[in-house]
Amino acid sequence: MQRRDFLAGSTLGLAAGTLAAAEVARPQNLRAQGPAGGRRVMFHCHTFPAQGTSFAAGSDAGPLPGSPEHLAAFSRELGFDRAVALSPFEVPLGRCTSRVDEGTDGAAWLSERAEAFGERLIRFASLDPTRPESASRLEKLAGRGFAGVKFHPVICRFSLDADRDEHFYGTLERLGLPLLIHTGVFSGYGQWPLESYHPLLIDRIAGKYPKIPIIMAHCGGAAFCRDVLAVVQSHDRAYFDLTHTLDPKYAWYIPRADYEFIFERVGTGRVLYGVDYPWYSREDCERDLKTLDSLGIRGRDLDRLLGENFLGLTEASSG
Ligand SMILES: [Zn+2]
């Protein structure tokens, strides 16, 4: 059976998607790993304190989905060695589920709850760069082991601005931490202008701060995926995050033809598989892996998406 190795994908479209030597496809089991692979990271997981009836406890009353305790157990159950836990957004009630009250330190909450799980939970701080204390806060969080930052311009109601927030971006670049930015059209919880978070604003950030690894969550969804592709093609440190894009049930579903085009152009070296836990199930995991398999993403390509690319960029940052 021939296997397509996408690593050779070229931003010029030349030599894209070269056909590798025959290799027997391994079963689509997370534990079926290639010789160089094996490190599985469940990327893009939200954590937050219990919110009313959301994710109410089941009859067995185990840890609630969304809690670091549940995330550690759930990710292990699905065969992931580690998980990337995003701290709750510090926004008013009604803005989203993954939140704590403004004035509450969401990053401190995550640290306290995740401590027992050591390196199994990789912490990212959800921050708003427009808040005056954010740069100094970031510095302290990095010292306490936070491995990256998450931006959600819609939930947190800010615009991406490479110039206005230069102190924050300069600090992030100096610390060498990756930045995960929401990019799909987000119309829940009230309208927020598209021009506040359009991928072209990320092009400005990546151009001004070329050492920051920037991961674009949801690949921009169907509406912006070509714009996100343009950013990835223009900047070596820009990455796709496939979170909630592989199935039509998701708001940011990207049609198959677009995916085939994207993988052909950029390969799999800068693509991360993410899940938007706790909005994710074992069935979602199995279905997504089947979809990736049908796109020809197997073996080494799958290893890259499921952990190697993420670990590569964070290890490079800390090196
Ligand atoms: Zn998310």
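What follows is calculated from the coordinates using simple rules that are stated; it is not laboratory data. Just so we're clear, the structure is a prediction, and the values are computed from it rather than from any experiment. Please note: Cβ atoms are built from the backbone with ideal geometry, for glycine as well, and neighbour counts cover all protein chains shown.
Hydrodynamic analysis of the range 90-176 uses the Kirkwood radius over alpha carbon pairs. Inserted into Stokes-Einstein at 20 °C and 1.002 mPa s, it gives a translational diffusion coefficient of 157 µm²/s. Centre-to-centre separation between the Cα atoms of the range 244-309 and those of the range 143-203: 23 Å. Within a straight-line Cα-Cα reach of under 25 Å, LYS140 can be paired with the following lysines, leaving aside sequence neighbours fewer than 8 residues apart in one chain: LYS150, LYS208, LYS211. Can you give the net charge of the other residues whose Cβ lies under 13 Å from the Cβ of SER159, counting K and R as +1 and D and E as -1? Net charge around SER159: -2. The calculated FRET efficiency for the pair GLU166 and GLU264, based on their C-beta separation and a Förster distance of 30 Å, comes to about 0.25.
Extension gain, ARG256 to GLU133: 0.36 nm times the residue separation minus the Cα-Cα distance gives 40.0 nm. The Rg/Rh ratio of the range 198-265, with Rg taken over Cα atoms and Rh as the Kirkwood radius over Cα pairs, comes to 0.97.
Rounded, prolate or oblate: which fits the range 253-312 when a ≥ b ≥ c are the square roots of the eigenvalues of the alpha-carbon gyration tensor, with rounded for a/c under 1.5 and prolate only if a/b beats b/c? Since a/c reaches 1.5 but b/c is at least a/b, the shape of the range 253-312 is classed as oblate. Using only side-chain charges placed at the Cβ, +1 for Lys and Arg and -1 for Asp and Glu, the dipole size of the range 181-319 relative to its Cα centre rounds to 280 debye.
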